[in-house]
Amino acid sequence: MASYYPPVAFHFRVDVVGLGIGDDARFTEVGGLSAEMGSEEVPEGGENRFVQKYPTRAKYPELVLKRGLLSNSAVWNWVRDCIVDYRIEPRPVDVILLDETHQPLLTWHLVGAWPTRWAVADLNAGNNGYAVESMQLAYQYFTVDKA
């Protein structure tokens with residue numbers, strides 16, 4: 001009988017479709033991959049003790065990506081174009097969980113992603129860490145492909 005082991009969460013890649021892979025896929029952290037069903041509460045007519053709850057639509061939080069600061073990056077150029085120059089160009093983004101042979105296990109396809117925030121972590125002469133940049137992406141929804 002084969003044992004099941006859940007996949008590791010540290011072996012992944014992020015592709016901003018159309019910008020190439022290379023160093024731009026080397027993010028150290030991805031956060032915000034979730035979906036939530038929204039709801040609307042309607043008070044019960046004539047019965048004050050109860051509230052009916054009805055589903056509305058799915059909600060997706062912004063995706064948060066972190067990595068070591070890159071000085072020359074196609075992703076940074078896209079972020080700058082959208083935020084600084086206000087040339088918003090939504091792109092598909094794929095978050096790919098990889099197995100031990102570097103093959104995709106799960107792929108989250110984010111539809112219509114565009115950057116809403118970019119930041120660099122605090123610079124501190126008393127700390128020996130790397131300069132880390134983070135960016136947030138809004139998107140419409142995602143789909144999931146399983147290998």
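The values are calculated or read from the model by the stated rules, or taken from the named source; none is laboratory data. Quick caveat: nothing in here was measured; it's all calculated off a predicted structure. Here the Cβ is made from the backbone with ideal geometry for all residues, glycine too, and neighbour counts use every protein chain on show.
Here is how the numbers come out for the structure above:
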quantity	calculated
Identity of the residue in region 1-17, within 20 Å of Pro90 (Cβ to Cβ) and out of contact with any Phe, Trp or Tyr (no Cβ under 9 Å at 6 or more places or on another chain), that ends up surrounded by the most Cβ atoms within 10 Å (Cβ to Cβ)	Asp15
Members of region 19-50 found to be at pLDDT below 90 and either more than 28 Å from Val132 (Cβ to Cβ) or loosely packed, with under 12 Cβ neighbours inside 10 Å (or both), listed by number	Gly22, Pro43, Glu44, Gly45, Gly46, Glu47, Asn48, Arg49, Phe50
Answer residue from region 51-65, given it is more than 23 Å from Glu133 (Cβ to Cβ) and of a type in the set (A, V, I, L, M) and is farthest from the chain's Cα centre (by Cα) among those	Val51
Residues being in contact with a strand residue (DSSP E or B) (Cβ under 9 Å, 6 or more places away or on another chain) and not in a strand (DSSP E or B) - total across region 85-101	4
